[in-house]
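The values are calculated or read from the model by the stated rules, or taken from the named source; none is laboratory data. Here the structure is a predicted model, which is why all the values come from computation and not from measurement. Counting neighbours? That spans all protein chains shown, and the Cβs are built from the backbone with ideal geometry, glycine included. We work out accessible area using only protein heavy atoms, side chains counted, and drop any ligands, DNA or RNA first. Shrake-Rupley method; radii C 1.70, N 1.55, O 1.52, S 1.80 Å.
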Amino acid sequence: MSAPSGIKVPTSLTSAFSTALNGAGDVRALVFTIEGESFKHLTTVQPKSTYKDDIALLSDTLPSTKTPASFAYRLDTKDGGRYEWMMITFVPDDAGVRAKMLQASSRAGLMKSLGANNFKHDWFATSIKDLTPSSLTAHLTHLASPPPLSASEAALAEVREAEAAEAKRAALDPETEARRRKVVVGLGGKLAWDQGVQDALEKVAKRSDAGWVVVLEIPSSSPSSITLVKSESATPSEVSSKIPNKSPSFIFYSYPTPPSPKPIKAPTPAVNKMAEQRNTFQATQGGVRTVPVSSVPLVQEGEDAKPTEGEATQEEESKQPEDVSVEEETPQAEEPSVDENEKGKVVFVYCCPSSSPVKFRMIYSTNVRGIQQDAMDKAGVEIAGKIETSDPTDLTDSQLKSSIPSSNSISKPTHSSSLPTPTTTSSQSFGAPASNAPFGAPIGGAFGRPRPVNVPARSASTIPLPASGPATPVETEGQGEGDSKESIRRAFDAFGPRVNSPGGGGGGFARPRPAGRR
């Protein structure tokens, strides 16, 4: 590995430090110097006394007092079963400039190769007099001494120390821990319900005609439980008189809600059979027309054509105009049904008067969310609105009503599937059937439009056929061959003169192209 200065750390050097790091303490220091383009393990110092006294042995290992060097120095203290080490960088003031720069710039690379986490302290020495026990003791004392503080900073530090000591003592005191658990046991929805709370909340969860109010309190003698104060019928204007004025409380109020009526069945339209059967289109000219084929045998010449029974019935029906009638059932007014299990619109109110003790405010505020969650999970209460107030007189009928969101106030996203259906207008698009006609009932008579419903159906025998005649026209008297050719000539001349024909003959019939174009 190379340092920023280009001085390399050989593998033998890192291996020697790893052996001393994991050893039994028979190495006091490792001496490293720079020779050429890399570090060199110069020598190893054996311990003879304490680490404070053995610092004086380092100066004897250097070739001269002007030689820069680095010392991996072992201390006598341990951390995690291993000895702690300190890196000492010795750069004398009277050394050469190049030697100083190389030693200073290569120090970071050396520590990175040996592992910076293996060294607890890092010390710079600039003179041979710094490598003495007194200098090392002064340096370690300086590191262990507290930072200089002003009078206010010192007082604040004393307060923090006293608070830490008191917290440690309270944590070890079983009585204090028991009192703390008793106070905060209600956090997170763990309040114990006293007798009557379950029934009262199940009652307020149901729909009420005149309104129902339930008032709950946390007793001061048992902060981990909740008791029932009252559960009775009350109109919206009477709710404020049911709430305590001097102590906090939780209120569940079922707002008066009328019973929901039974759903009315939609009328079933009765579509004429003719409209269902003739799901076809007919145009005055062109288009497609589906006509039922009659199975009646052909009438021979000389026989009287008599309509069959089916044709007679069909002709009679065709004479009568067909009307599409929709039979609507008149919905009868039904009385609203009363469902005993129907849920009501419950408003949760947290009332904490300003004159209540601070302790009660903290206990109630930490249990607001827990009591709501318990009421929904255990009693099935569906909370429609929430109110927090410090004065019970603020709970008026208008405020209670405004806290309940109306069904019309719920906004839905507007997209293509939720756009309103366009109403029928007088102008319709080409070929589009009328919106008020049932599906399959064609109307209109122009090309591309459906056929009107009231047009009677005709069988194959009633459809008029074109007059029979010869397929090839017969020449009449007085019309000769020349007249026939002349008529053909006039028909060809109507398309323009012949092209590429000097005398008018030859070529095909077409209009000449403009000049200059091929």
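For region 376-386, enumerate the residues that are over 28 Å from the mean Cα position of the chain (by Cα) and open to solvent by less than 80 Å² (accessible area, probe 1.4 Å).
Keep residues of region 376-386 that are over 28 Å from the mean Cα position of the chain (by Cα), which gives 378-379.
Result: Ala379, single match.
Within region 28-45, restricting attention to residues that are modelled with pLDDT under 90 and assigned to a loop (DSSP other than H, G, I, E, B), which residue is least open to solvent (accessible area, probe 1.4 Å)?
The extreme case among them is Gly36.
Go through (1) outside any helix (DSSP H, G or I); (2) out of contact with any strand residue (DSSP E or B) (no Cβ under 6 Å at 6 or more places or on another chain); (3) open to solvent by 60 Å² or more (accessible area, probe 1.4 Å) for Pro92 and report which single condition fails.
Status for Pro92: all satisfied but (3).
What number of residues within region 9-27 satisfy the criterion of being open to solvent by 10 Å² or more (accessible area, probe 1.4 Å), of a type in the set (A, V, I, L, M) and under 24 Å from Ser64 (Cα atoms)?
Step one: list which residues in region 9-27 are open to solvent by 10 Å² or more (accessible area, probe 1.4 Å), which gives 9-12, 14-16, 18-27.
From the residues that got through so far, the ones that are of a type in the set (A, V, I, L, M) too are 9, 16, 20-21, 24, 27.
This time we only want the ones that are under 24 Å from Ser64 (Cα atoms), so: 9, 16, 27.
Number satisfying all stated conditions: 3.
For region 57-80, give me each residue that is surrounded by fewer than 15 Cβ atoms within 10 Å (Cβ to Cβ) and not polar (S, T, N, Q).
Hits for region 57-80 are Asp60, Pro63, Lys66, Asp76, Lys78, Asp79, Gly80.
Do you know which residues across region 110-136 are assigned to a loop (DSSP other than H, G, I, E, B) and of a type in the set (Ser, Thr, Tyr)? Spell out the reasoning first.
Step one: filter region 110-136 for residues assigned to a loop (DSSP other than H, G, I, E, B), giving 115, 126-127, 131-132.
Once the filter is applied, which keeps residues that are assigned to a loop (DSSP other than H, G, I, E, B) and of a type in the set (Ser, Thr, Tyr), region 110-136 yields Thr126, Ser127, Thr132.
Residue check, Glu153 against (1) surrounded by 10 or more Cβ atoms within 10 Å (Cβ to Cβ); (2) over 51 Å from the mean Cα position of the chain (by Cα); (3) farther than 18 Å from Val31 by Cα, all met but one. Which one?
Answer for Glu153: the failing condition is (2).
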